[in-house]
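First up is the structure itself, then whatever we jot down about it.
The values are calculated or read from the model by the stated rules, or taken from the named source; none is laboratory data. On a predicted model such as this, the values are computed, not experimentally measured, just so you know. Here the Cβ is made from the backbone with ideal geometry for all residues, glycine too, and neighbour counts use every protein chain on show. Heads up: the accessible areas ignore ligands, DNA and RNA and are worked out on the full protein's heavy atoms, side chains in. Shrake-Rupley method; radii C 1.70, N 1.55, O 1.52, S 1.80 Å.
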Amino acid sequence: MERFGSGEDFARELDTVDPLAGFRDRFHLPAGKIYMVGNSLGLPAKDSVEAVSRALDEWKDLAIGGWMRGEPPWFSYAERVGAMAAELVGASPEEVVATGTTTLNIHALVSTFYAPEQGRTKILADELTFPSALYALQGQIASKGLDPAEQLVLARSRDGRTLNEEDIVGLMDESVAVALLPSVLYRSAQVLDMEYLSREAHKRGIIIGFDCAHSVGAIEHSLDEWDVDFAVWCSYKHLNAGPGSTAFLYLNRRHFDREPVIRGWFGYDKERQFDLNLDFEHAKCAGGWQVSSPGILGIAACEGALKILAEAGIERVREKSLGLTSYFIYLVDSVLSEAPYSFRVGSPREPERRGGHVAIERDEDAVRIGEALKLRGVIGDFRAPNIIRIAPCALYNTYHEVWRVANHLKDIVDSRSFCELSARRGVVP
Ligand SMILES: *Cc1c(COP(=O)(O)O)cnc(C)c1O
């Protein structure tokens, strides 16, 4: 028996029984658009806008007094919001802090663990990861006077879309010091088995970290239980905390005594930070890996976004997210797979191996079809050479919107309305 139907009524019916339907009103939605790109930039929750405006008021009213008298005080805001995020990723409060940016946090954590002079010289990553992570790793290797071309080992993909966990484990040998892998691949949305990879890395004496930029806020994590060494993620994708907003880092508590290499005064032991001693002594928690004064406005946006996620519950968010993406896959298979539509699903079909979006592929005209979608008010995104990513967000998208996206795709091909569009892309696709 099919779980879904392809009629419009069926989509509306799914919305009437959606337990998270009420959360849509708690976001600012772009008028007249179907927004399907929350995996790149999530929409603002009204709670986030309120939290930012409260912080602005505190700045006006309390000025410098906000550091101690803000509610909550700005001085410990990064740790406090870190604790909210810890809850979301299965960590204890002191293991997570809101700080920096994803790529900078990769530098901050990898530099703590990567000590090639102690024998192991290599870093293991993969060829499908977000390139910024590779740039950071190349820089880390070069900073030790070594050649990134020799020391950075990349797990290869067999199909250009996904990674095979056994292939990654096959590269874990005694020459590898640190592994940094994505939790969810940014193109295909494949979820890697973080528990298995952590276990296998530790058997071989390798420190393992995950770049969770594409997973936090979309899927469940148990970072402590999986025994991950460290993780980083941004807040502007599935966390909905705004463009370039403050990122997060997780450090497993067994590493709190290690030394931060990228150091600054906000990583100082908090009780004595304002003694302004000349010798550095880091806080024995994730907060010790902070560098500079926290960006209060960004962290306020994170607080609002995390509050709404806690209310919805990540289990329910994940369940609806899988409902939305499974439904979209069903529509692609049943309505859009045959010629002349010729779309393919480029994401894993097994729900547990799929993150928060669906990649669809088309051999010809994918760029122009993406442009035609935009002209119809559907905001998805295009990734070269032939991928359109559709990311329905559980907190603010509906099943009916998913149905409409599929219907627009059908109509664009039927009418051949994409034919008059240019295949050139803007700088930000
Ligand atoms: C979006 C993304 C980043 C972004 O890095 P920033 O430093 O926040 O710009 C990093 N890694 C992955 C896997 C991403 O998806």
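If you take the Cα centroid of region 304-370 and the Cα centroid of region 18-53, the two points sit 18 Å apart.
For the residues Arg368, Arg156, Arg272, a 1.4 Å probe over the protein chains yields an accessible-area ranking, largest first, of Arg156, Arg272, Arg368. In the context of the full set of protein chains, residues of the chain present 42 Å² of accessible surface per residue (probe radius 1.4 Å, heavy atoms only). Say R0 is 22 Å: what FRET efficiency, to the nearest 0.05, do Leu56 and His28 get from their beta-carbon distance? Once the sixth-power term is evaluated, E becomes 0.85. Taking all protein chains together and a 1.4 Å probe, the residues Met84, Met36 rank Met84, Met36 from largest to smallest accessible area. Helix 46-62 and the longest principal axis of the C-alpha atoms of the chain enclose an angle of approximately 40°.
What number comes out for the charge environment of Trp289, summing +1 per Lys or Arg and -1 per Asp or Glu over other residues with Cβ under 15 Å away? Before the final figure, lay out the partial values.
Working: positive: Arg253, Arg254, Arg258, Arg263, Lys270, Lys284; negative: Glu79, Glu94, Glu95, Asp229, Asp257, Glu259, Asp269, Glu281.
Once all neighbours under 15 Å are counted, the net charge is -2.
Computed from Cα atoms, the angle from the helix 314-331 axis to the main principal axis of the chain rounds to 30 degrees.
Mean separation of Cα pairs under 8 Å and 6 or more residues apart, divided by the residue count, gives the chain a relative contact order of 22 percent.
When the Cα positions of Ala31, Gly82, Gly70 are compared along the charge dipole of region 1-113, Gly70 comes out farthest toward the positive end, with charges on each C-beta of Lys, Arg, Asp and Glu.
Of the residues Ala305, Phe266, Ala286, the one whose Cα sits farthest towards the positive end of the charge dipole of region 204-308 is Ala305 (charges of +1 on Lys and Arg Cβ, -1 on Asp and Glu Cβ, taken about the Cα centre).
For region 353-429, which GluC sites (Glu not before Pro) are in a loop by DSSP, counting at most 13 other Cβ atoms within 10 Å?
Numbers: sites: Glu361, Glu364, Glu371, Glu401, Glu420; in loops: Glu364.
Counting only loop positions with at most 13 other Cβ atoms within 10 Å, the GluC sites (Glu not before Pro) in region 353-429 are Glu364.
For Lys203, the lysines whose Cα comes closer than 19 Å to its Cα, not counting residues fewer than 8 places off in the same chain, are Lys122.
Checking the table Lys60/Lys270; Lys144/Lys270; Lys60/Lys284 against a 28 Å threshold on Cα-Cα, which pairs fail? Intermediate values should be presented prior to the final figure.
On the way: Lys60/Lys270 26 Å; Lys144/Lys270 31 Å; Lys60/Lys284 33 Å.
Over 28 Å Cα-Cα: Lys144/Lys270; Lys60/Lys284.
The C-alpha atoms of the chain define a longest principal axis, and helix 77-89 lies at about 50 degrees to it. Note on Lys320: lysines with a C-alpha under 27 Å away, same-chain residues under 8 apart excluded, are Lys33, Lys46, Lys237, Lys307, Lys374, Lys410. Computed from point charges on the beta carbon alone (+1 for Lys and Arg, -1 for Asp and Glu), the dipole magnitude for region 220-273 about its Cα centre is near 300 Debye. When both region 118-194 and region 245-269 are represented by their alpha-carbon centers, they are found 22 Å apart.
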